[in-house]
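J.: Take this structure first; my questions come after.
What follows draws every value from the coordinates through simple rules; no lab data is involved. Remember, predicted model here, so these are calculated numbers, not experimental data. Virtual Cβ from ideal backbone geometry, glycine too; neighbours counted across all protein chains shown.
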Amino acid sequence: MINEQALPRPLTGPASVVLERPARVADNDLVAAFLAGDADAFHQIVSRYKDPITNYVNSMINDYDMAVDVAQETFIRVYQNAARYQRKYQFSTWIYRIATNLAIDEIRSRKRRGRFFFMNAFPNYQKDDVRLEISDGKPGHDTALYDKELRDALAQAVSCLPQKYRTVFLLKEVQELSYPEIAGVLNTSEGTVKSRLHRAKMLLRERLGSLLPSEASAT
């Protein structure tokens with residue numbers, strides 16, 4: 001898990017302005033409070049994003065311990081560069097961009113070291129409005145085991161996607177970011193995001209073939 005004690009702490013400042021607000025505080029307001037010296041604001045940012053960021057990075061590199069380290073480094077970068085964050089953009093876009101770049105650096109480092117890894121297994125995916133669920137086709141008592149085998153096959157298929165397609169796929173289908181958010185994370189256009197997502201799903205269909213239900217594979 002993320003070790004919040006190991007993260008840097010801001011200089012002492014005015015009493016927390018976050019605790020005075022009963023409603024959920026917007027990300028931008030937390031950043032502003034942190035820059036004003038509110039230590040609690042930064043820890044709320046960490047608490048809000050540590051699980052999503054760790055899970056996202058783990059989906060990319062399939063190494064939970066390393067994903068925790070990458071998430072830790074992500075929050076350190078947020079701490080160090082908070083003053084450079086432009087509030088006209090969503091904070092989620094900014095932090096996911098940092099995490100994505102760090103995860104890609106780790107992937108490239110692993111490739112240089114000759115290490116191979118697979119993605120986590122995901123139960124289903126979606127093409128546009130059609131769920132790409134895997135049908136087991138086995139008797140009831142074998143369903144759980146067979147389903148796991150098929151999910152592992154899907155996980156391997158995702159791991160084999162070219163990086164630019166895999167990243168878009170994970171951001172949209174797993175992290176459920178919007179097209180504008182993904183475009184901001186990757187510093188590209190929404191049209192490019194949609195095109196890459198569509199291509200990722202086509203590649204998954206080609207690789208999985210008969211494992212997908214006929215109504216999904218026919219679309």
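J.: Cross-link list Lys172/Lys194; Lys50/Lys172; Lys50/Lys201; Lys88/Lys172; Lys164/Lys194: which exceed 20 angstrom alpha carbon to alpha carbon?
T.: Violating the 20 Å Cα-Cα cut-off are Lys50/Lys201; Lys88/Lys172.
J.: Distance from the Cα centre of the stretch 50-72 to that of the stretch 182-200, in angstrom?
T.: The two parts, judged by their Cα centres, are 22 Å apart.
J.: Give the order of Lys194, Lys88, Lys201 when sorted by the count of other beta carbons within 10 angstrom, beginning with the fewest.
T.: Ordered by Cβ neighbours within 10 Å, fewest first: Lys88, Lys194, Lys201.
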